[in-house]
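Scroll down for the structure; my scribbles are underneath it.
The values are calculated or read from the model by the stated rules, or taken from the named source; none is laboratory data. All figures in this text were calculated on a predicted structure; none of them were measured in a lab. Heads up, the Cβs are rebuilt from the backbone with ideal geometry, glycines too, and the neighbour counts pull from every protein chain shown.
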Amino acid sequence: MPKDSGIGASSKRREDVRFLTGAGNYTDDINVHGQAYVHFLRSDIAHGRIKSVDTSAAEAMPGVVRVFTGKDFEGVGGMPCGWEVTDKHGAPMQEPPHPILAQGKVRHVGDPIAAIVADSLEQARDAAEAIDLDIEELPAVIDMKAAAQDDATLVHDDLKNNICYDWQLGETDDAKVDEVFANAAHVTTLDLVNNRLVANPMEPRVAVGEYKRGTDEYTLFTTSQNPHVIRLLMCAFVLGLPEHKVRVVAPDVGGGFGTKIFHYAEEAFCTFAAKACGRPVKWTSSRSEAFMSDAHGRDHVSKIELALDADNNFIGLRTNTYANLGAYLSTFSSSVPTWLHGTLMAGNYKTPVIQVNVKAMFTNTVPVDAYRGAGRPEATFQLERVVDKAARELGLDPIALRRQNFVTQFPYDTPVALTYDTGDYNGTMDKLEAAADLAGFAARKAESEANGKLRGLGINCYIEACGIAPSNIVGMLGARAGLYDAATVRVNATGSISVMVGAHSHGQGHETAFPQVVADMIGIDESMIEIVHGDTSKIPFGMGTYGSRSLAVCGSAMVKATEKVIEKAKKIAAHLLEASEADIELKDGQFSVAGTDKSVAWGDVTLTAYVPHNYPLEVEPGLEETAFYDPANFTFPAGAYACEVEVDPDTGQVSIEKFTAADDFGNIINPMIVDGQVHGGIGQGIGQALLENCAYDENGQLLSASYMDYAMPRADDVPFYGVDHSSQTPCTHNPLGVKGCGEAGAIGSPPAVVNAVLDALNSGGKAVDHIDMPVSPSRVWAAMNS
Amino acid sequence: MELSDNRVIAAPRSKVWDALLSAEVLKDCVPGCQEMTGSVEDGFEATVVQKVGPVKATFKGAVTLSDLVALERVKLSGEGKGGAAGFAKGSADVSLADAPEGTLLTYNVDARVGGKLAQLGGRVIDGVARKLADQFFENFQNAVEPQPAPEAETSDEGEGTEEKKGWFKRVLGD
């Protein structure tokens, strides 16, 4: 029977009340007395040398407080990159400077050249038109393969070429890989593109910087997924400010999807300018600006080869990928095509020899960084497309081929640096076959055909690595940050609890799910517990929310801190009950002495902690504990997805008729929130598969910078999803046994959709090997008629 | 984008050539041109109001003439800056040759846009550029060819009807 509170209950998301009734407090809702507004003059060419920027006319315009250019930031640092990747020859990646405002050159459409601070936004915009720019246009570097040529124009003049790093993972001996392929009974090869995406959270980015002269203190309000990370990067690497004088607040944030992890120039600018101008400075991104200044996602061009023996066992896998990093290194961009992508190439399969090759390229485009899934969707798409193609070439059932090659023994050391602690891929596939009613597919296909439509079934398996850790290992791999998290459990005198967490909630439902855990541990009502997040002056130093890590990492810290609280509370209870601490039991909010009817309530103990009259002398007053938690390993959620599409043979239009997800997320705290996370992820995955595409022309002009040209999925593009998460192999190394569910849908769904379209076409008599995403009607029609 | 076409103008080459190098004629012919000043030697300064998709802007820019061979060919290059709307730049290689009915004018236009124009108007820019080029040379032809007879209005109507007929014919498949 479903529980109605605590762990396992579908408690209603308490934060939704304020979100749905207009009572949220977003960064743009924050207005500080006396604030000025900044408008960024951005490059409208992709690549050019700045010869002069004359701001004198703009400075004389009405309402203008000050105009800043790159020169104003020569004394401070640039935007840092948080992960140093070492290339396959042992050299560190090429790491060009990334100034707050362009210096010397502009390198992408949207690169900020000048910042105009004025009394009103309109005045700032008007003044921007009065800035006289002399920029010599240079050839734009757009195509990644062309960018890798020796004679290519350099995005960064000081680098030796446009290749940030040439990286390899897995088998280093090329001859050995060649031998595996030479001896293979069958080799399947596929060239594919993982299309460039723009995250498009509903709330665009906003920053408000404030400086108090009296106390020399700064406050930055910003749309961030990780305020402590922003404070550390901005203080230590960019502006050189003491952390204790800087407060970073990320209030309600209207969606992040990865794009709000990174430290952006606009944040550092507003903080810097608040002091320089003697006034608070506010920036609110317009949607057009978001398209050319938010970090983009994906954008890989890959060749993948799969070798099989005569019995259809996978014996070798080799990939060669060009990964676009854009014009500058965004905060975690370098880690995405490497440690978040190459490590996932084993997927759910026991392929013994794997070699992953990645060239990461600088181009004259917006920086590319993590977007929901970050590297793992790119890995899964390649692998699951090539497995599907192999099944078709060999005339095998795609599910049987997958099952035959599944990893079944755990822990399992992959050839690409990971150790899967647990999983049950066959069990999850069983759940999928039942939940998706695959037995009934033939009848549904016949019905579609009777209506003149081609119907296809696409299967996909995925594994992801969440809660990236432990810190000592990722440090060896180049991470310049720790990857632990932290929580402080502050019990108030009357028994209610504030939990200050390092994770940030911007749609994930932490404010509901986290209290369920603490409530369950103590046996009190969830409503007695409040989550505090998003303000560096209130919360301990945690790393924020990304990579489906919040519950697995920060939730574990919260469990550890709660355990400390309970331990101390038991000491107080033992004193009140005149019993031995070892005999005290906590159940349903009552401390009792084992084997007796003596008990004392949670609230009596907490009050005693703060009014310690009758109190054990050796115990400190108060009831507040902090824990930091550094996981021992990644968590490995995995799943099997099934997508059924109908293709209109006359128009190439694809419609998704049925989508079923069977996921193994380990233990689940709130099934309804997990459903919602999976729904959202699949929606974004379907967006990538069918609709979304960020397009540049050969001159580096961004062609898809509005919703007229960048197609976001709408309600009628997605079906009602079937979601099953009853396959549960709990994570073996965190106290909750949870794995993370935030990104799974976006990782698992794109290959399922594309596999389904290809099944529809091939089973309908159209021999088509591959169609790149987005699988638009024109692409499908062209493939059918080529 | 690139586009090229040619048209026959019922006027002698010298007249077509002179018109091509006249700021006044160009002002009348460039669609949306508000102002055009300058000379062949120094180039022209132009102000043009144009709408591409949802973006309407005033472009200020310079047009320079190069590769000039009298009566034969000229290259017109220009860049217009539209402030927040972005920019448009391009060049047109125009060449003249004798034709039985007058002068054969051939042009190759290479045009591109940037900034907001590309971001919001990229989808429609090819069509817009083609339309503007057509309009320009249509205007140019009208400016250079002998003035139409006084009953211009009737003939305009006549043309309209013909166009409509053509359209119906196409839809109905001959």
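Among the residues making up region B:82-114, a single one is part of a strand (DSSP E or B), within 14 Å of chain A (Cβ to nearest Cβ) and over 18 Å from the mean Cα position of the chain (by Cα): B:GLY114.
Number of residues in region A:266-319 that are of a type in the set (D, E, K, R) and more than 30 Å from A:THR351 (Cβ to Cβ) equals 8. Among the residues in region A:512-522, are any in contact with a helix residue (DSSP H, G or I) (Cβ under 9 Å, 6 or more places away or on another chain), at positive phi and either at pLDDT below 95 or not assigned by TED's automatic domain parsing to the domain that holds A:ILE261 (or both)? No: zero hits.
For region A:696-714, taking the residues that are in contact (Cβ under 8 Å) with a residue 40 or more places away in the chain and under 23 Å from A:PRO751 (Cα atoms), the one that is nearest to the other protein chains (Cβ to nearest Cβ) is identified as A:TYR710.
Scanning region A:268-284 for residues that are surrounded by 21 or more Cβ atoms within 10 Å (Cβ to Cβ) and either of a type in the set (S, T, N, Q) or closer than 27 Å to A:GLY681 by Cβ (or both) turns up just one, A:THR271.
Residue-by-condition table, conditions (1) surrounded by fewer than 24 Cβ atoms within 10 Å (Cβ to Cβ); (2) small (Gly, Ala, Ser); (3) touching a Lys or Arg at 6+ places or on another chain (Cβ under 8 Å):
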{"site": "A:THR343", "(1), (2), (3)": "yes, no, no"}
{"site": "A:ASN348", "(1), (2), (3)": "no, no, yes"}
{"site": "A:PHE362", "(1), (2), (3)": "no, no, no"}
{"site": "A:VAL366", "(1), (2), (3)": "no, no, no"}
{"site": "A:GLU378", "(1), (2), (3)": "no, no, yes"}
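The strands (runs of 3 or more DSSP E) found entirely in region A:87-198 that carry 1 or more residues being out of contact with any Phe, Trp or Tyr (no Cβ under 9 Å at 6 or more places or on another chain) and within 30 Å of A:ILE747 (Cα to Cα) are A:163-170, A:186-194.
Among the residues of region A:78-135, write down those that are closer than 18 Å to B:LYS81 by Cα and among the small types (Gly, Ala, Ser). The answer is A:GLY110, A:ALA114, A:ALA127, A:ALA128, A:ALA130.
Kindly indicate whether any position in region A:611-618 is over 29 Å from A:THR428 (Cβ atoms), aliphatic (A, V, I, L, M), free of Cβ contacts under 8 Å to residues at least 24 places away in the same chain and assigned to a strand (DSSP E or B). Spell out how you get there, then give the answer.
Restricting attention to region A:611-618, the residues satisfying the condition of being over 29 Å from A:THR428 (Cβ atoms) are A:611-618.
Filter again for aliphatic (A, V, I, L, M), leaving A:611, A:617.
Filter once more, keeping what is free of Cβ contacts under 8 Å to residues at least 24 places away in the same chain: A:617.
With assigned to a strand (DSSP E or B) added as a condition, the list becomes none.
Looking for residues that are over 29 Å from A:THR428 (Cβ atoms), aliphatic (A, V, I, L, M), free of Cβ contacts under 8 Å to residues at least 24 places away in the same chain and assigned to a strand (DSSP E or B), one finds none in region A:611-618, hence no.
Let's see how each residue does on (1) under 26 Å from A:GLY214 (Cα atoms); (2) within 14 Å of chain B (Cβ to nearest Cβ); (3) over 15 Å from the mean Cα position of the chain (by Cα):
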position	(1), (2), (3)
A:GLY255	no, no, no
A:THR259	no, no, no
A:PHE269	yes, no, yes
A:ALA273	yes, no, yes
A:ARG279	yes, no, yes
A:SER288	no, yes, yes
A:PHE291	no, yes, yes
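Residues are listed down the side, and each one gets a yes or a no for (1) small (Gly, Ala, Ser); (2) over 28 Å from A:ALA374 (Cα atoms); (3) out of contact with any strand residue (DSSP E or B) (no Cβ under 6 Å at 6 or more places or on another chain):
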{"residue": "A:LEU576", "(1), (2), (3)": "no, yes, no"}
{"residue": "A:ILE584", "(1), (2), (3)": "no, yes, no"}
{"residue": "A:LEU617", "(1), (2), (3)": "no, yes, yes"}
{"residue": "A:GLU620", "(1), (2), (3)": "no, yes, yes"}
{"residue": "A:GLY652", "(1), (2), (3)": "yes, yes, yes"}
{"residue": "A:ASP675", "(1), (2), (3)": "no, no, no"}
{"residue": "A:GLY687", "(1), (2), (3)": "yes, no, yes"}
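A single entry from A:ALA443, A:ALA391, A:ALA435 fulfils the requirement of being among the hydrophobic types (A, V, I, L, M, F, W, C) and under 20 Å from A:THR188 (Cβ atoms): A:ALA391. Of the numbered criteria (1) surrounded by fewer than 16 Cβ atoms within 10 Å (Cβ to Cβ); (2) outside any loop (DSSP other than H, G, I, E, B), the one B:GLU41 fails is (2).
Given the condition within 14 Å of another protein chain (Cβ to nearest Cβ), touching a residue at least 40 places away in the same chain (Cβ under 8 Å) and under 18 Å from the mean Cα position of the chain (by Cα), answer yes or no: does some residue in region B:67-80 qualify? So that I can check it myself, show each step before the final result.
At the first step, the residues of region B:67-80 found to be within 14 Å of another protein chain (Cβ to nearest Cβ) are B:77, B:79-80.
Those left that are additionally touching a residue at least 40 places away in the same chain (Cβ under 8 Å): none.
No, the conditions are met nowhere in region B:67-80.
Just one of (1) touching a Leu at 6+ places or on another chain (Cβ under 7 Å); (2) touching a residue at least 60 places away in the same chain (Cβ under 8 Å); (3) of a type outside the set (D, E, K, R); (4) closer than 30 Å to A:VAL249 by Cβ fails for A:VAL229. It is (1). Criterion first (within 30 Å of A:ALA147 (Cα to Cα), touching a Ser or Thr at 6+ places or on another chain (Cβ under 7 Å) and within 14 Å of chain B (Cβ to nearest Cβ)) does A:ALA46 satisfy it? No.
For every residue, the table says whether it meets (1) within 30 Å of A:ILE45 (Cβ to Cβ); (2) without any contact (Cβ under 8 Å) to a residue 60 or more places away in the chain; (3) in contact with a His (Cβ under 9 Å, 6 or more places away or on another chain).
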position	(1), (2), (3)
A:GLY297	yes, no, no
A:GLU305	no, no, no
A:ASP309	no, no, yes
A:ILE315	no, no, no
A:PRO337	yes, no, yes
A:LYS350	no, no, no
A:GLN355	no, no, no
A:GLU384	no, no, no
A:ASP388	no, no, no
